[in-house]
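Novice: Sharing a structure with you now.
The values are calculated or read from the model by the stated rules, or taken from the named source; none is laboratory data. These numbers come from a predicted model, not from an experiment. Virtual Cβ from ideal backbone geometry, glycine too; neighbours counted across all protein chains shown. Quick note on the areas: whole protein, heavy atoms, side chains included, nothing else; ligands and nucleic acids left out. Shrake-Rupley method; radii C 1.70, N 1.55, O 1.52, S 1.80 Å.
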Amino acid sequence: MAKKLNTNSNAYIISYSIILVIIVAFALAFVYSALKDKQDANVALDVKKQVLAALHIRQFTSDAEAESLYAQTILSVDTIDASQQAIIYTCKTEGNTKYILSVNGMGLWGPIWGYIALNSDKQTVYGAYFNHASETAGLGAEIKDSKAWQDLFKGKQAIIDGKVVLSVKKSTDIKPEERAYCVDGVTGSTLTCNGVDMMLKKSIALYSDFLNEK
């Protein structure tokens, strides 16, 4: 007579758990593999939309339209420093050449990044877009959610005499002579805005050779 399986034994429980973990691991690996191409495509599309946002192009009727506008607008993409994610997007919009610089740094709670669009003079800001991983909703997250705040960057000086001057400060700390290149920080988000300020100075400096060449 066959011995009855003891489902309450430690050996059975351990064996069952191992088999279950293996099955779940294989299932997750399969799903990840099956969806990876689509996930990668979605990430790439999101980056394109963020790049276009720096050019004030933010409304799309469909993903296909976003792809089309990106293809029409972006003339070239050049990596300056892969390890620092320093990339220049050369663009044509409204009949004029613009240069978009990718920037990245740390906010209060995690990574922050963005895109600064410069006019053809490589000195003045045409537009800006910022994003974040985990800043506080209604406070630090406003660097992404507030288009009005991002629009404050338009017309600011990014470079003066070869030096990065584009800054973010508390409004009460900005001197009159700094208004040409300094943006008011988001109210109640001093630490996040300090992160944006440091990000701009660190990241834009990576493009110094390009920005200073005539």
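Residue by residue, here is whether (1) small (Gly, Ala, Ser); (2) more than 21 Å from the chain's Cα centre (by Cα); (3) at pLDDT 90 or above; (4) closer than 29 Å to Leu139 by Cβ holds:
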site: Leu20; (1), (2), (3), (4): no, yes, no, no
site: Leu35; (1), (2), (3), (4): no, yes, no, no
site: Asp46; (1), (2), (3), (4): no, no, yes, yes
site: Ala54; (1), (2), (3), (4): yes, no, yes, yes
site: Ile57; (1), (2), (3), (4): no, no, yes, yes
site: Asp78; (1), (2), (3), (4): no, no, yes, no
site: Ala86; (1), (2), (3), (4): yes, no, yes, yes
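Novice: Looking at the stretch 137-214, what helices (runs of 4 or more DSSP H) fall wholly within it and have at least 3 residues that are open to solvent by less than 30 Å² (accessible area, probe 1.4 Å) and either among the small types (Gly, Ala, Ser) or in contact with a Phe, Trp or Tyr (Cβ under 7 Å, 6 or more places away or on another chain) (or both)?
Specialist: Because the criterion is at least 3 residues that are open to solvent by less than 30 Å² (accessible area, probe 1.4 Å) and either among the small types (Gly, Ala, Ser) or in contact with a Phe, Trp or Tyr (Cβ under 7 Å, 6 or more places away or on another chain) (or both), the helices (runs of 4 or more DSSP H) in the stretch 137-214 that meet it are 190-205.
Novice: Oh, and also: Within the set of pairs 6 or more residues apart or between chains, which connect a residue that is closer than 16 Å to Ile57 by Cα and polar (S, T, N, Q) inside the stretch 141-167 to a residue that is open to solvent by less than 30 Å² (accessible area, probe 1.4 Å) and not in a helix (DSSP H, G or I) with Cβ atoms less than 9 Å apart?
Specialist: Short answer, once both residue conditions are applied: Ser146/Val186; Gln150/Ala54; Gln150/Gly114; Gln150/Gly127; Gln150/Ala128; Gln150/Tyr129; Gln150/Phe130.
Novice: If Glu65 satisfies every condition in (1) at pLDDT 95 or above; (2) farther than 30 Å from Ser167 by Cα; (3) under 19 Å from the mean Cα position of the chain (by Cα) but one, which is the exception?
Specialist: Single failed check for Glu65: (3).
Novice: For the stretch 105-125, name all the residues that are open to solvent by less than 30 Å² (accessible area, probe 1.4 Å), part of a strand (DSSP E or B) and touching a Phe, Trp or Tyr at 6+ places or on another chain (Cβ under 9 Å).
Specialist: Those that are open to solvent by less than 30 Å² (accessible area, probe 1.4 Å), part of a strand (DSSP E or B) and touching a Phe, Trp or Tyr at 6+ places or on another chain (Cβ under 9 Å): Gly105, Ile112, Gly114, Tyr115, Ile116, Ala117, Leu118, Val125.
Novice: In the stretch 52-104, what count of residues is obtained for those that are surrounded by 13 or more Cβ atoms within 10 Å (Cβ to Cβ) and in a helix (DSSP H, G or I)?
Specialist: Number satisfying all stated conditions: 9.
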